[in-house]
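Chemist: After the structure tokens below, expect a handful of questions from me.
The values are calculated or read from the model by the stated rules, or taken from the named source; none is laboratory data. Only a predicted model underlies this, so the values are computations on that prediction, with no experimental measurement involved. Reconstructed Cβ throughout: ideal geometry from the backbone, glycine too, with neighbour counts over all protein chains shown. For accessibility, only protein heavy atoms count, side chains too; no ligands or nucleic acids. Shrake-Rupley method; radii C 1.70, N 1.55, O 1.52, S 1.80 Å.
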Amino acid sequence: MKSFTRLGVGIVLALTSALFGYQLTSQAVDPVITDAQAESVRTHCIQIQATLNQLQQSDTLLRYNVGASYRTMSEKLMVPLNQRIAATNFDGSALVRITAEYNKEYQDFYKKYRTYNEKLQAVMKLDCIDEPKEFYAALATARQTRTDVYKASNLLIGLLKEYKKEVRTFQHEQLEGGE
Amino acid sequence: MSEEQSKSFAQEHKFLVMITASIVFAVALVVVSMRLYYTTGAAQLDLSRPGFTEIREQVSDQEDFDGFAATGEVNSAELSSFEKMYDEKLKDIEGVDAFAGDVLSPKALQINDTNNAE
């Protein structure tokens, strides 16, 4: 029964990673650590902590820059176009719907990043020499939350592409009189 | 008796009481503001924190981009202009591939299961 459950989880993970084009090199981390891995955590403790610290800094910058770009798309491009269309007799409801969904997903992306950052900080606070098992388990959680941020980011890009497609449809159907 | 003593103490040390009350009030406000700073997520985006000085200069500035005007005509020429701006920004976003890569995997962090490897 357990093997069926594990198989099911494995299939779901494989499908999810394939769907988002995300390659999990070693699949979901089993939070249960082996003695060899615990020893490896202890041995590479300082190196791992330095890597995590560097990752936190680079991800903070990435979040800042990417977040600004995402907001720019909405605030300086999508919303102004929607407003301009709303002032005419054209039907821009599809564009408004996508923009609303995009803004909602942006909030979700923001929340997921916060969760990821909190989990990463939780890992960094742990002593990987004295608590390798707890460290490894916390690392697995942080890893999963980072994947969630990646998925949320991809979802936003998908909506941006959908909006672009809808602008072309709008242009074709309402301005050029196409069917 | 003790009430009289305390009254007289407060009356005699009005300045000290005022300073102490001001400090307590200021500390309370700082605690509230720091709590808000962390709970709203502002702390996680604040690059002015210690340790982020080096990466602060790498922040991309979006302020220069004026965007698409909210007023004006809706015609093919205007939409083409919009699409040009939109495509440029979308291309930048797609080029980043944010948060990709399994950088927290045991393999990436060199946490090896040596028993399995052997």
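Chemist: How many residues are in a loop (DSSP other than H, G, I, E, B) and more than 8 Å from every other protein chain (Cβ to nearest Cβ) if we restrict to the stretch B:38-64?
Modeler: 9
Results for (1) among the polar types (S, T, N, Q); (2) within 18 Å of the chain's Cα centre (by Cα); (3) open to solvent by less than 80 Å² (accessible area, probe 1.4 Å), shown as yes or no for each residue.
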| site | (1), (2), (3) |
| --- | --- |
| B:11 | yes, no, no |
| B:20 | yes, no, yes |
| B:54 | no, yes, no |
| B:57 | no, yes, no |
| B:63 | no, yes, no |
| B:77 | no, no, yes |
| B:80 | yes, no, yes |
| B:101 | no, no, yes |
| B:106 | no, no, yes |
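Chemist: Which one is farthest from the other protein chains (Cβ to nearest Cβ) among residues in the stretch B:67-105 that are of a type in the set (S, T, N, Q) and outside any loop (DSSP other than H, G, I, E, B)? Explain how you work it out, then say what you get.
Modeler: Here is the first cut: in the stretch B:67-105, the ones of a type in the set (S, T, N, Q) are B:71, B:75-76, B:80-81, B:105.
Restricting the remaining residues to those that are outside any loop (DSSP other than H, G, I, E, B) gives B:76, B:80-81.
Values: B:76: 5, B:80: 8, B:81: 11 Å.
The residue in question is B:81.
Chemist: Now for a separate question. Please count how many residues of the stretch A:60-83 are more than 18 Å from residue A:152 (Cβ to Cβ) and either of a type in the set (Ser, Thr, Tyr) or not in a helix (DSSP H, G or I) (or both).
Modeler: Selection size over the stretch A:60-83: 0.
Chemist: Another question, if that's okay. Check off (1) more than 18 Å from residue A:56 (Cα to Cα); (2) of a type in the set (D, E, K, R); (3) modelled with pLDDT under 90 for residue B:35 and give me the number that stays unchecked.
Modeler: Answer for residue B:35: the failing condition is (3).
One line per residue, one yes/no per condition, for (1) touching a helix residue (DSSP H, G or I) at 6+ places or on another chain (Cβ under 6 Å); (2) more than 7 Å from every other protein chain (Cβ to nearest Cβ); (3) closer than 26 Å to residue B:43 by Cα; (4) open to solvent by less than 10 Å² (accessible area, probe 1.4 Å):
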{"residue": "A:75", "(1), (2), (3), (4)": "no, yes, yes, no"}
{"residue": "A:79", "(1), (2), (3), (4)": "no, yes, no, no"}
{"residue": "A:107", "(1), (2), (3), (4)": "no, yes, yes, no"}
{"residue": "A:128", "(1), (2), (3), (4)": "yes, yes, yes, yes"}
{"residue": "A:138", "(1), (2), (3), (4)": "yes, yes, yes, no"}
{"residue": "A:165", "(1), (2), (3), (4)": "no, yes, no, no"}
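Chemist: Same structure, new question: Tally up the residues in the stretch A:84-105 that are open to solvent by less than 50 Å² (accessible area, probe 1.4 Å), without any contact (Cβ under 8 Å) to a residue 24 or more places away in the chain and either among the charged types (D, E, K, R) or part of a helix (DSSP H, G or I) (or both), please.
Modeler: 1
Chemist: Going residue by residue through the stretch B:11-25, is there one that turns out to be away from chain A (no Cβ under 14 Å) and not in a helix (DSSP H, G or I)?
Modeler: Scanning the stretch B:11-25, I find at least one residue that is away from chain A (no Cβ under 14 Å) and not in a helix (DSSP H, G or I), so the answer is yes.
Chemist: In addition: With respect to the numbered conditions (1) part of a loop (DSSP other than H, G, I, E, B); (2) over 30 Å from residue A:50 (Cα atoms), which one is the sole condition not fulfilled by residue A:166?
Modeler: (1)
Chemist: Still on this structure, please answer the following. Return yes or no: is residue A:119 in contact (Cβ under 8 Å) with a residue 60 or more places away in the chain and more than 8 Å from every other protein chain (Cβ to nearest Cβ)? Working first, answer last.
Modeler: On the way: in contact (Cβ under 8 Å) with a residue 60 or more places away in the chain: no; more than 8 Å from every other protein chain (Cβ to nearest Cβ): yes.
Taking the combined requirement at face value, the residue does not satisfy it.
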